[in-house]
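What follows is one structure encoded as structure tokens, with my remarks underneath.
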Amino acid sequence: MVGVTGFGDEHFRESIKLNTRETMRRKAGRGESTGVVPFGYTSFCQGCGKATTPRRPCLCATITKTSINPDQAPIVVRIFQMAAEGASYRRITKIINHERIAGRAWRPTSIRFMLHNRLYQGVFVYGKTRNEDRGDDVVKVKADDTLEIPRPELRIVSDDLWLAVHDRLAKTRANYLRKENGTLWSRPEFGVERYLLAGLTVCGLCGGSMGVRNVTRKGKVYSYLCCTRHHLRGDDGCKNWLAFPMALVDRHIICAFKDEVLDEVTILGTIQRTIAKLNSGHLTVADQRKALSAEQAKLTGEIDVLFGHLASGLASVKDQIAKREDRLQAVMADLAKLDGMAQVTNLNLKGIEKLIRKEIQSWRDSLAGSVVQSRQILRKLCTERIVMMPSLSGPERETVDPFYTWEVVASYGQFLSGVVQKPAGPGPTPPHNRGKCRKR
């Protein structure tokens, strides 16, 4: 009897859910309001004309319609224009919050929802997702019967502006580095840089940044990598007068990173040496963890006792509590590091060798791709900026065959964390990379 009653209750709940869904779809098909209206619109009672909200409907109990809010519509257009010009969700949020627009707090998620809401384009979309019961969980899935109803009277944004925004968003998404399964790996920089090495290189003579100098000859623009201090201040700023063709430097450095840093033999050998070094320590990871766990328990007990004395009125124990709490934080950090080291030492290199090779090839392809993706790879691999040391034997017009030698320390830490999900801990020993660029 209890089972029959439970089945009846479940059937009743399902019938209510289906009836509610169909009723809301019919309301959406008639052009009525089906919930909270987005920013830029106002819902009103068709009977008396009063503004309504889902929680405060009109007493007339008539149809609720949606119209454009003339005060908020210009704000919507401005947000779309900022997005089309290249501003990110976060940047737009900071601007409108700083100006206190519309007297509300904005979030990046609100901007994203607005830029993807087709109602601003004059198309009302209803029922894109539905709830699906999967035993213990209810999951939102994509619906097959989505309604798309043209509402030209609710258009705020023109088609040209809408397309410009979404073209810019598509280009930004194309520059994001992703793994084979689509998981986000790295985002591009806020200000998308046109040149590969701008901001990533320093002059070996003065330590200043290397910049790009454009020269126009016969209507064609040529880009050169040069010392910014020499370019702006002359020899008083730096003696490095060598301006090198940007394309030649880019090609040389990319080839060096592909052939020497992102090399299967080098990476797999580095992992093997790191695991061997961790396993050959004076104390094993388990012994170190046992000692730190004992110290953690001792410190926790001492702190509890000191807090008891503090409650009794002994104010002099505050410094002792603070000292032990600092040490306790350090012990907990060391324990977390040992957990990472334990996972590294237990890695089955043969089992992940195929995955590593696939990810290496993905990084090599991205390094040879667009400037935005190549910069993301270099920023992950380089622990510091690339040092460009000029080979100068005299003044500018007296030096024969000048060239740059460059040096950088590269690390596989971020690469391995993306491949094998290694926790924080001591990474493999980074290789030292050197190269030479000679002007032909």
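The values are calculated or read from the model by the stated rules, or taken from the named source; none is laboratory data. Quick caveat, the model's predicted, so the values are computed rather than measured. Every residue, glycine as well, gets a Cβ built from its backbone with ideal geometry; the counts of neighbours run over all protein chains shown.
Here is a yes/no grid of residues against (1) surrounded by 13 or more Cβ atoms within 10 Å (Cβ to Cβ); (2) at pLDDT below 70; (3) in a helix (DSSP H, G or I):
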{"residue": "ILE253", "(1), (2), (3)": "yes, no, yes"}
{"residue": "ALA286", "(1), (2), (3)": "no, yes, yes"}
{"residue": "LYS298", "(1), (2), (3)": "yes, no, yes"}
{"residue": "GLY308", "(1), (2), (3)": "no, yes, yes"}
{"residue": "SER316", "(1), (2), (3)": "no, yes, yes"}
{"residue": "GLN320", "(1), (2), (3)": "yes, no, yes"}
{"residue": "ALA333", "(1), (2), (3)": "no, no, yes"}
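Under the condition of being in a loop (DSSP other than H, G, I, E, B) and surrounded by 12 or more Cβ atoms within 10 Å (Cβ to Cβ), the residues counted in segment 71-105 number 4.
Would you mind finding the one in ILE92, ILE156, ILE149 that is touching a Phe, Trp or Tyr at 6+ places or on another chain (Cβ under 7 Å), within 17 Å of GLN72 (Cα to Cα) and not assigned by TED's automatic domain parsing to the domain that holds ARG13? Working first, answer last.
On the way: ILE92 fails: touching a Phe, Trp or Tyr at 6+ places or on another chain (Cβ under 7 Å); ILE149 fails: within 17 Å of GLN72 (Cα to Cα).
After applying the criteria, what remains is ILE156.
Scanning segment 109-130 for residues that are touching a residue at least 40 places away in the same chain (Cβ under 8 Å), in contact with a helix residue (DSSP H, G or I) (Cβ under 9 Å, 6 or more places away or on another chain) and part of a loop (DSSP other than H, G, I, E, B) yields a single hit, GLY127. All conditions but one from (1) without any contact (Cβ under 8 Å) to a residue 60 or more places away in the chain; (2) under 19 Å from PHE80 (Cβ atoms); (3) not aliphatic (A, V, I, L, M) apply to ASP133; the one that does not is (2).
Name the residue that is nearest to ILE254 (Cα to Cα), counting only residues in segment 346-361 that are at pLDDT below 65 and among the aliphatic types (A, V, I, L, M).
Of all residues in segment 346-361, those at pLDDT below 65 come to 346-349, 351.
Those left that are additionally among the aliphatic types (A, V, I, L, M): 347, 349.
On the way: LEU347: 30, LEU349: 27 Å.
Checking each candidate, the answer is LEU349.
Taken together, the residues in segment 230-246 that are touching a strand residue (DSSP E or B) at 6+ places or on another chain (Cβ under 7 Å) and part of a helix (DSSP H, G or I) amount to 2.
Condition test on VAL157, is it part of a loop (DSSP other than H, G, I, E, B), at pLDDT 90 or above and farther than 14 Å from ARG375 by Cα? Explain how you work it out, then say what you get.
Values: part of a loop (DSSP other than H, G, I, E, B): yes; at pLDDT 90 or above: yes; farther than 14 Å from ARG375 by Cα: yes.
In short, yes.
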